[in-house]
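*Asks:* Provided herewith is a single structure, encoded as structure tokens, for subsequent inquiry.
The values are calculated or read from the model by the stated rules, or taken from the named source; none is laboratory data. Predicted model, so just to flag it, every value in this text is computed and none were measured. Cβ placement follows ideal geometry from the backbone for every residue including glycine, while neighbour counts extend to all protein chains displayed. Side chains are part of the model used for accessible areas, which takes the heavy atoms of the whole protein and leaves out ligands, DNA and RNA. Shrake-Rupley method; radii C 1.70, N 1.55, O 1.52, S 1.80 Å.
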Amino acid sequence: MIFFKLIGSLALLMFGMKSMSDSLQKMAGSQLRHVLQAMTTNRFTGMLTGMFVTAAVQSSTATTVMTVSFVNAGLLTLAQAISVIMGANIGTTLTAWIMSAGFSFNITDFVYPAFFIAIILIYSKKKRFIGDFLFGIAFMFLGLGTLRQTGIDMHLGENQAVLDFFQQFDPDSFLTTIAFLLLGGVLTLCVQSSAAVMAITMILCSSGVLPIYQGIALVMGENIGTTVTSNLAAMTANTQARRAAFAHMFFNLFGVCWILIVFKPFVDMVCSFVGYDGGMVKTDPGFLANAAKLSFVLAAFHTCFNVANTFILIWFIPQIEKLVCRVIKTKKSEGEEEDFRLHFITAGFMKTPELSVLEAQKEIQSFAERIQRMFTMVRELVRENDEQAFVKAFSRIEKYEGISDNMEIEIAKYLDEVSDAHLSDDTKAKIRAMLREISELESIGDSCYNIARTLNRRIKGKENFTESQYAHMHQMMELTDQALTQMNSILVNYREKNDVNKAFNIENEINNYRNQLKSQNINDIDDHLYTYAIGTMYMDIINECEKLGDYVVNVVEARMGTKQRPI
């Protein structure tokens, strides 16, 4: 029964932390993204930003995901991202302090009022995320309180078998420290939660079973274990995600290496900060009060370790950047633009739902840029009369059309998975808009392919356009390209910075020009300037450009949340 209470309380702790983190991100997700982007002007502000954002959302993973997204989008350099990750390592130590507070006194009596207030807030539409946050923090403290009580009920300090097991390790041996360090790493890998391993360590130390030196070795191992997890997750991700994950691992490995050199003096220094006396035995009168400080010693070590490590490494960020770039080289496929590959959405890299929307938005921007490249290829195809060169260019456009179909399906599938999670109303609206955006972008790809097919018919029929038709098509395609450029600008910029009227004005120009060319085409055929067949192909291209302009405006409307076009 005690075993089930132990694993159940660990599950409560992990669930509470996840719920708390998710609800905080729902409340302040977009604001945190803006802060992270604006406040990383140099390595020090980047470090402080990473620290405060991680402390706010209680998730270093969430901070890392946002950081990697900005690196991929070109909004942050890898060097700035490394400074944010360093700060995230400091920010995540707040979790250990919360847990140590939960272990030092019985907090379960206070969680029940929190549950009651949380359920009232959840049924209030405007305050439901605050209710979710209260539920999360109440579950976390209930888990901690139950874990603390379970540790007391287990009487580990009086269990001779457990005492004998830990006493067989020489506390002064370097090999013992290494063994517990590896054990901490393996445990973190197995349970996929550094918080759970920290909680177990606090139980063992507080009960007097595990000496403080071995407990701190477990904490160091947990630091390495959590970076191994992120590196394994990033294996299927793109280069920048893998580099960021490797930088995180390097940071912790370097820290562990130098701490091992000064292990005993450093731990003794942390103990003196907290006021813990390592030489006190069970028979001493103040032993229990002294043992109660052990959870604070572990939290203090975790903070001191990350702060000292950051202070050392923050001066060498350019060198760390060069090292990770040398170790993690760009995949060949990432240099091949025409291969189908999502740049920002990666199956292996763990994300929280609110932050996944940012990833999808970056992917849609990449999709739109690829579509404009496809249209540029079509423009180059117009005057291509060499059959062999035409076939090569046409097959390239065909490949791009297949890519656009696949991108639409993959992004839609990803957004569908994200929408299954509990999301804010604002995020749900964004997902609906994104689904419309990718549908319209795929239609633009279809229009480009339809123009290429019409040109293919011309080549096969040994037909040719007149110089005036070429000039008109060039003018129409120039207007269409301007519309695509404006669309890409709107997708990249913040809504308030966008000039929507410019996109609508270009579309009006396209419509008017199409109507003018339609009337002129009928007159030119009547005047026998060219055949009806050529006139049909010519107008098919002009009409497809006009349709493409409509799709562009639909993308702009979806992005801006505009339901109807201004008159």
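*Asks:* Filter the cross-link list Lys18/Lys413; Lys392/Lys502; Lys126/Lys413 down to pairs whose alpha-carbon distance in this structure exceeds 32 Å.
*Replies:* Lys392/Lys502
*Asks:* Same structure, new question: Accessible area per residue, 1.4 Å probe, Å², for region 415-516: what's the number?
*Replies:* Ligands and nucleic acids excluded, the figure is 48 Å² per residue.
*Asks:* Moving on. Where nothing but the Cβ of Lys and Arg (+1) and of Asp and Glu (-1) is charged, how large is the charge dipole of region 443-567 around its Cα centre, in debye to the nearest 20?
*Replies:* 420 debye
*Asks:* Same structure again: Rg(Cα) of region 446-547 divided by 2.2 N^0.38 Å?
*Replies:* 1.23
*Asks:* Ignoring ligands, DNA and RNA, what percent of the accessible area of region 390-517 is carbon or sulfur (1.4 Å)?
*Replies:* 45 percent
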